[in-house]
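Right, one structure below, let's go through it.
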Amino acid sequence: MKLNSKRTVFVGFAFFLICAFWQVYDAIVPLILTNRFAMDQTLSGVVMALDNVFALFMLPLFGGISDKVKTPFGRRTPFIFFGTLAGAVFLSLLGVMTSLFGFMAILLCALISMATFRSPAVALMPDVTPKPLRSKGNAVINLMGTAGGIIALVLGTVFKTSEPGKTEFFGYLITVSGIMFLALAAFILTVKEPKWAEEADRINASLEADSEPSDATGKKLSRAQFSSLAFILASVALWFMGYNAVTSKFTVYATNVLGVSFNSTLLVAQGAAIVSYIPVGIAASKIGRKKSILAGIVLLSAAFGLAGLVKADTPAFLMYLLFALAGIGWATINVNSFPMVVELASGADVGKYTGYYYTASMAAQIATPVLSGFFLDTVGWWTFFPYAVIFTSLSFLTMCFVRHGDSKPEAKINIEAFDTDD
């Protein structure tokens, strides 16, 4: 049994447009808030946390709702279609708002639109992928997402978004919105959700009949399984506390502290992640998801720790190297953490468990922009990277207590439907 890469790429268009949106959000919204509306870092951090406040309850809600929806187009596709349309329109409108009130109103509409389909979009991959292949499938999905982020960064370079004091971003925002519409069209024209989900369910049923049962039994989790789920979610929250503290403020840090272009540095990190996604997925099927995640945490923490030593006059290649290592570490974590959570789910509640995963990550991202912004304002910018290192290191400790949700040996079965091209 092998992953149908072509099919998974098509599914990945949904994650592509999500990541393009969030790359723009993390890069441009802080600049608009500080350059156009003269907000300090703490208040800017509060605004940057709003998307996570909405996501905290909307992602589990819409993940669970999509579990129960039945349409001719599948459970997840209707949410992806309508959510993307609204999100892309509101994103482009951010560029024409000259009042803070108008900007915040449109921003909230964009965030709500994206929150309605984020969990359904991510839940689609495990819906249509047999359980032993989900780390590999998640690698492809993340590869597509990173491609969306890279395109947004390349366009940022073209539109010179990293110029000091820049306040005008309309051309950039409407161009990225157009890219999102194209990705949505590719998704709608290629993905056959009901058919693919049915095939994956049949394969999973055969696996459960021919091999050891998985952690997901469709019943209430045992105490040991629940404990593992809690430690996985705690780990997710902790590494997002560290990682998001860097991504949500790096554009300001690079521009105002180091005096360098942030687009090129982030491009290096994204490029390194793209190169590593597939090898990481393959490695996880051999050594396990947990060991892979622990290795990724070590790499990410080391990269952030050394990046804290970089100064304005440090050769640029050193920051590029460290962010490449951070990209590889983050890819290793991301490819394997979500499959560990949904491994504990049954086929009927993948959306709900996807919501759990995002609740943990969003709760962290609510707190960390405000908390890190407070340290930046009151202690100094020297706390930027050490803050991230502390939280990513703590996630290593919690991850050590996880006992369930790891990869299962790939059983040999006679069903080949998932391997065939359409």
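The values are calculated or read from the model by the stated rules, or taken from the named source; none is laboratory data. Bear in mind the structure is a predicted one, so any value in this text is a computation, not a measurement. For neighbour counting, all protein chains shown are included, and Cβ atoms are generated from backbone atoms with ideal geometry for every residue, glycine included. With ligands, DNA and RNA removed, areas are computed over all heavy atoms of the protein, side chains included. Shrake-Rupley method; radii C 1.70, N 1.55, O 1.52, S 1.80 Å.
Some observations on this one:
- Candidate set: region 189-220, residues that are at pLDDT below 55 and over 26 Å from the mean Cα position of the chain (by Cα); chosen: the one most open to solvent (accessible area, probe 1.4 Å): GLU212
- So SER113, is it assigned to a helix (DSSP H, G or I), open to solvent by less than 10 Å² (accessible area, probe 1.4 Å), touching a residue at least 12 places away in the same chain (Cβ under 8 Å) and of a type in the set (Ser, Thr, Tyr): no
- Residue in region 93-111 that is of a type in the set (Val, Ile, Thr) and touching a Ser or Thr at 6+ places or on another chain (Cβ under 7 Å) present: no
- Residue match in region 81-88 (condition: on the phi > 0 side of the Ramachandran plot and of a type in the set (Gly, Ala, Ser)): no
- Per-region count, region 167-188, residues under 21 Å from ARG7 (Cα atoms) and in contact with a Phe, Trp or Tyr (Cβ under 6 Å, 6 or more places away or on another chain): 3
- Of the numbered criteria (1) at positive phi; (2) open to solvent by 30 Å² or more (accessible area, probe 1.4 Å); (3) at pLDDT 90 or above, the one PHE73 fails is (1).
- Hey, GLY137 part of a helix (DSSP H, G or I), out of contact with any Phe, Trp or Tyr (no Cβ under 7 Å at 6 or more places or on another chain) and within 30 Å of THR332 (Cβ to Cβ) or not: yes
- Residues of region 349-388 satisfying the condition of being buried (at least 21 other Cβ atoms within 10 Å of the Cβ), in contact with a Gly (Cβ under 6 Å, 6 or more places away or on another chain) and more than 28 Å from SER285 (Cβ to Cβ): PRO369, GLY373, PHE385, ALA388
- When restricted to residues that are open to solvent by 10 Å² or more (accessible area, probe 1.4 Å), hydrophobic (A, V, I, L, M, F, W, C) and in a helix (DSSP H, G or I), region 95-110 contains 8.
- Scan of region 297-312 for residues that are in contact (Cβ under 8 Å) with a residue 40 or more places away in the chain and part of a helix (DSSP H, G or I), ordered by number: ILE297, VAL298, LEU300, SER301, PHE304, GLY305, ALA307
- Residue match in region 327-342 (condition: over 16 Å from the mean Cα position of the chain (by Cα), surrounded by fewer than 24 Cβ atoms within 10 Å (Cβ to Cβ) and not charged (D, E, K, R)): no
- Between SER5, SER44, SER66, the distinction of being at pLDDT below 90 and open to solvent by less than 20 Å² (accessible area, probe 1.4 Å) belongs to SER44 only.
- Some residue of region 147-160 being small (Gly, Ala, Ser) and touching a Gly at 6+ places or on another chain (Cβ under 8 Å): no
- Which listed residue is open to solvent by less than 10 Å² (accessible area, probe 1.4 Å), assigned to a helix (DSSP H, G or I) and touching a residue at least 40 places away in the same chain (Cβ under 8 Å), from LEU17, LEU85, LEU33: LEU17
- Residue selection: ALA312 fails the criterion of being of a type in the set (A, V, I, L, M), more than 19 Å from THR398 (Cα to Cα), in contact with a Gly (Cβ under 6 Å, 6 or more places away or on another chain) and crowded, with 17+ Cβ neighbours inside 10 Å.
- Candidates in region 315-326 are the residues that are small (Gly, Ala, Ser) and out of contact with any Phe, Trp or Tyr (no Cβ under 8 Å at 6 or more places or on another chain); of these, the one that is surrounded by the fewest Cβ atoms within 10 Å (Cβ to Cβ) is ALA316.
- The condition (being surrounded by 17 or more Cβ atoms within 10 Å (Cβ to Cβ), modelled with pLDDT under 90 and among the polar types (S, T, N, Q)) is satisfied by just one residue among SER301, SER285, SER292: SER285.
- Within region 166-188, the set of residues being open to solvent by less than 20 Å² (accessible area, probe 1.4 Å) and of a type in the set (A, V, I, L, M) comprises LEU173, VAL176, MET180, ALA183, LEU184.
- Any hit, region 262-269, residues being farther than 30 Å from PRO132 by Cβ, free of Cβ contacts under 8 Å to residues at least 60 places away in the same chain and either open to solvent by 10 Å² or more (accessible area, probe 1.4 Å) or assigned to a helix (DSSP H, G or I) (or both): yes
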